[in-house]
Amino acid sequence: MESRQGGIMDDFREITIAVLIQYFTGQLHKHRINVENYLQKSVGVGEHSDIMETIEKELGHMADYHDKIEVLNTYFTEDTE
């Protein structure tokens, strides 16, 4: 019974890691699209008077999610254990 429990926990661990990576990747792309939008259509973004500051914030979000993906891949995937 112990090995079956371990198997379930291993599956849960792998599924959780995969879901986190998918979520972080989606968030990263969301912010990337925002940056692309600001770069291509900045005149249409009236509520953001400082486009450079807004883009910098979006890049910060991207860096945060990129780092989280890298940490998961480096320290928590099967390839690194």
Q: Pairs only if they're at least six apart or on different chains, beta carbon under 9 angstrom, first in the range 10-29 and farther than 20 Å from residue 65 by Cβ, second surrounded by 11 or more Cβ atoms within 10 Å (Cβ to Cβ); list them, first residue then second.
A: 13/76; 14/77
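Given the criterion at pLDDT below 95 and assigned to a helix (DSSP H, G or I), identify the matching residue among 16, 54.
Details: 16 fails: at pLDDT below 95.
Residue meeting the stated conditions: 54.
The values are calculated or read from the model by the stated rules, or taken from the named source; none is laboratory data. Keep in mind it's a predicted model, so treat the numbers as computed, not measured. As a convention, Cβ positions derive from the backbone with ideal geometry for all residues, glycine included, and neighbour counts pool all protein chains shown.
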